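The structure appears right after this line, and notes come after that.
The values are calculated or read from the model by the stated rules, or taken from the named source; none is laboratory data. Not measured: the values here are computed from a predicted model. Reconstructed Cβ throughout: ideal geometry from the backbone, glycine too, with neighbour counts over all protein chains shown.
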Amino acid sequence: MGVIDLDAFAHEVGVDDPVAVAGLCTRGGGPAGVRTVAAPSGILWVQPDEMIVCCGAGTPVDELVDALAEHGQTVALPAGGTVGGALSVGHSDHRRLGYGPVRDVLLQARYVSATGDVVKAGGPTVKNVSGFDLCRLLVGARGTLGFLGEVILRTRPLPPSSQWMSAPATDPDTVFTRLHRPVSVLWNGTTVWALLEGHPFDVAEQADAAGLAACAGPPPLPQGSRRSVPPAAVVDQRGEFVTEVGVGIVHHAEPWSAPPRSARVLELTRAVKAEFDPTGRLNPGIDV
Amino acid sequence: MTEALAAELRLALSPDRVRTNSTELGLYRRDASNIEGSASVVCFPLTVAEVQAAVLAAARHGVPFVARGAGTGLAGGATPLDGALVIATTKMQRVLSVDAVHRMAWVEPGLLNLDLTREVTALGLHFAPDPSSQQSCSIGGNVANNSGGPHCLADGVTASHVLGVEVVLSDGSVVQLGGEEPEVEGLDLRGAFVGSEGMFGIATKVLVRLTQNAPTVRTMLMDFASVEAGAQTVSAIIAAGMVPAALEMMDQLCVQAVEEYIHAGLPVHAAAVLLVEVAGLPHGLEADVARIVEIGPAHGAGTVRIAQDEAERALLWKGRKTAFGAIARIKPNYYLHDTVVPRRMLPEVLRQVYAIADRYQLLVMNVFHAGDGNLHPLLVFDKREPGVMERVHAAGEAIVRASVAAGGVLSGEHGIGLEKRDFMPLMFEPADLAAQAAMRRAFDPSGLANPFKVLPSPAACGDAQHVPPGAWV
């Protein structure tokens, strides 16, 4: 199966000075004013019958999605930017309800540590409890614990059919609870949209049962803030918003500051950072 | 020291929930593995405050502590070493709240896996991870081991079904990791905690994700003239773009044992049988069934039996889930292994498993999660036979090595514990293990939470000083 040679990347990351990693900078890029490196790019192999793919973290997500489509598969990463960027930021897209979160996609990572070593986390199989789950710690860590070099990702089959539906709704739960495992349910206070996938007859019957009619696509998502709230709280939103029903993500037109995390969670976070990067040289200034 | 610790615990909990007599301590010497240690005290907290008190008492006395659920673990993860304090969560088993609309529930760690599903059945929901021990294993244990089960092929393992967890850390502080908010900025400490085998702290509340029951389910049984043909069928089904709810395989010896036990009309002359379950909406399900009944015979399936009703479906599953009980009829003891290999390597690794059993003159049966490539070779033996244990250990090690060499991993769902701790270097380099040790230190700088498990001693890999004799039994 082979591996991507990460020696050159590790050499670039080095061992002592502050260094940042950046991909296509679609998610904001790395911190400014710091020497910046880029992870290797390219798909090493696709194994459709194992439902896994191996690529460099610098591979564009769209390139990966196109390559997998040739095998009738896809990957639950948000479109745009690089694979490493999508994993490091860790934000799922609007299909999280059906496809699961980004953090469930990464099976194995080989990354460059703060000491310039190549470290492996996880393993190449979907089922694996060999040791602690370092992969889940790396997803969403924004490159502060190590720079992703090569990743093995879980893929999923493309559905036989896929259709956005919509209906006026003042309470999204009436639609949500009538659907069986929808891929996405969005709501803006007055209209509900659902992405249904599967056998076309099932999609049609589900839509009928929930009173939905086919539509062109999802609404544009407001860009002011992306809020994480308990799913039960999505109905309490005010202003201009689109919520992910059943998930608890709110795309809002207004900026937002998240409620503070508990002191003990912050202490644990700092303890993890201190273990993995005691001098704070990786993506300095980024505070997770 | 033990007496002082016990006295402190009796005050903090209550005298009847702190045990120190040797007979009772003996019951907590090991989990469902046969790896024995020794506990100094066993206590049964009822609340998070009592768990905190127990952890603080252990810390004050410098005694390690081991969280224990139902004790069904198979890798020695809950085996107390060096006179540890066992903190049993078995009396914390309430369902605290259920949100039926958004499909989540807060539960206590001692709640049994199947009791959770029973609790929410009327709502049309279930808890997806379903280990074969689901009647007796606890949610806290599932979290500690990131447990799997036959239906994890389509729905994922425990980590995908735990949204949040309240934890008592080794310094006695209580912290909530994750929660109802799906993607709070910051490290996924919840994800790191799941599967940490009691070495990061003790879960005192768990927020689980509940899964909608499928409107339609179809269960099929195929028989094959060779194990390879069955394994190739599994790969072909996945390659055709289907992810069945479950893909389970049993080899001939196993089928024969099960049939004698439950009389389900299983094909006892076949080399292997494959249980395929598809679930979902009716049209998609029928389309999948139609393709599967073509793929099977095209890859050598003899007959395809489709369960005609719920009773027949339950009977077929009973065959799968009672396999371990049935095996007791052949020989009194068995050693159950748990490795994962790439699906396409299943035929080759199974061939090696049979050869290894032959080499060590042992009987082997295979009953496994074929869809996940998750092998469960069962070495069946009678431990009264002189010298048999050495052969069982040697064969086990050979199976683990063969699985890793085939591109697989050490454990799919049982965990590392003590059983596979010293095999970790087969899969990980020193730098990889150092990173895992760093995670542990961040969560438990004291090192008192279930020490000596999972990570081989850095001083000497393979150093087994803390593993009591017979640890490989």
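In this structure, does B:A311 turn out to be assigned by TED's automatic domain parsing to the domain that holds B:M249, under 28 Å from the mean Cα position of the chain (by Cα), free of Cβ contacts under 8 Å to residues at least 40 places away in the same chain and part of a helix (DSSP H, G or I)? So B:A311 passes the test. Test B:A264 against the criterion of being small (G, A, S) and either free of Cβ contacts under 8 Å to residues at least 24 places away in the same chain or assigned by TED's automatic domain parsing to the domain that holds B:M389 (or both), and give yes or no. No.
Every test in (1) farther than 30 Å from A:H11 by Cβ; (2) in contact (Cβ under 8 Å) with a residue 24 or more places away in the chain; (3) at the interface with chain B (Cβ under 9 Å from one of its Cβ atoms) is passed by A:G146 save one, and that test is (1). Collect the residues in the stretch B:150-164 that are facing another protein chain (nearest Cβ under 10 Å) and under 12 Å from the mean Cα position of the chain (by Cα), keeping them in residue-number order. Of everything in the stretch B:150-164, those that are facing another protein chain (nearest Cβ under 10 Å) and under 12 Å from the mean Cα position of the chain (by Cα) turn out to be B:C152, B:V157, B:T158. Just the residues that are more than 8 Å from chain A (Cβ to nearest Cβ) and out of contact with any helix residue (DSSP H, G or I) (no Cβ under 9 Å at 6 or more places or on another chain), please, taken from the stretch B:420-433. Result: B:R421, B:D422, B:P430. I'd like the full set of residues that are at the interface with chain B (Cβ under 8 Å from one of its Cβ atoms) and either touching a strand residue (DSSP E or B) at 6+ places or on another chain (Cβ under 8 Å) or more than 22 Å from B:T211 (Cβ to Cβ) (or both), limited to the stretch A:245-255. Selection gives A:G246, A:G248, A:I249. Taking the criterion of being among the hydrophobic types (A, V, I, L, M, F, W, C), more than 14 Å from chain B (Cβ to nearest Cβ) and more than 17 Å from the chain's Cα centre (by Cα), the only residue of the stretch A:45-70 that qualifies is A:A67. The set of residues in the stretch B:179-205 that are more than 7 Å from chain A (Cβ to nearest Cβ) and within 21 Å of B:I416 (Cβ to Cβ) comprises B:R190, B:F193, B:E197, B:G198, B:M199, B:F200, B:G201, B:I202, B:A203.
Scan B:R401, B:R343 and give me the residue that is among the basic types (K, R), closer than 25 Å to B:N145 by Cα, touching a residue at least 24 places away in the same chain (Cβ under 8 Å) and surrounded by 18 or more Cβ atoms within 10 Å (Cβ to Cβ).
Working: B:R401 fails: surrounded by 18 or more Cβ atoms within 10 Å (Cβ to Cβ).
None of the others qualify; the one that does is B:R343.
When the stretch A:38-92 is filtered for residues that are in contact with a Phe, Trp or Tyr (Cβ under 7 Å, 6 or more places away or on another chain), in a loop (DSSP other than H, G, I, E, B) and within 22 Å of A:F9 (Cβ to Cβ), the ones remaining, listed by number, are A:A39, A:P40. Please work out if A:H71 is closer than 29 Å to A:H251 by Cβ, surrounded by fewer than 24 Cβ atoms within 10 Å (Cβ to Cβ) and of a type outside the set (S, T, N, Q). Considered against the rule, which asks whether it is closer than 29 Å to A:H251 by Cβ, surrounded by fewer than 24 Cβ atoms within 10 Å (Cβ to Cβ) and of a type outside the set (S, T, N, Q), A:H71 comes out as no.
From the list A:A121, A:A86, A:A109, A:A114, which residue is closer than 30 Å to B:V409 by Cα and facing another protein chain (nearest Cβ under 10 Å)? Give the steps one after another, and end with the answer.
On the way: A:A86 fails: facing another protein chain (nearest Cβ under 10 Å); A:A109 fails: facing another protein chain (nearest Cβ under 10 Å); A:A114 fails: facing another protein chain (nearest Cβ under 10 Å).
Just a single option satisfies the conditions, and that option is A:A121.
For the stretch B:212-231, residues that are surrounded by fewer than 21 Cβ atoms within 10 Å (Cβ to Cβ) and within 14 Å of chain A (Cβ to nearest Cβ) total 6.
Considering only the stretch A:219-236, state which residues are modelled with pLDDT of 95 or more and either within 11 Å of A:N188 (Cα to Cα) or exposed (fewer than 12 other Cβ atoms within 10 Å of the Cβ) (or both). If the condition is that a residue be modelled with pLDDT of 95 or more and either within 11 Å of A:N188 (Cα to Cα) or exposed (fewer than 12 other Cβ atoms within 10 Å of the Cβ) (or both), then A:P219, A:P220, A:L221, A:P222, A:Q223 are the ones that fit.
Residues of the stretch B:54-87 that are among the small types (G, A, S) and in contact with a strand residue (DSSP E or B) (Cβ under 9 Å, 6 or more places away or on another chain): B:A54, B:A57, B:A58, B:A59, B:A67, B:G69, B:A70, B:G71, B:G77, B:A78, B:G83, B:A84.
Here are B:D188, B:D130: which of them is buried (at least 24 other Cβ atoms within 10 Å of the Cβ) and acidic (D, E)? Only one candidate qualifies: B:D188. Out of everything in the stretch A:271-288 that is over 23 Å from the mean Cα position of the chain (by Cα) and not β-branched (V, I, T), what residue ends up being surrounded by the fewest Cβ atoms within 10 Å (Cβ to Cβ)? The qualifying residue surrounded by the fewest Cβ atoms within 10 Å (Cβ to Cβ) is A:P278.
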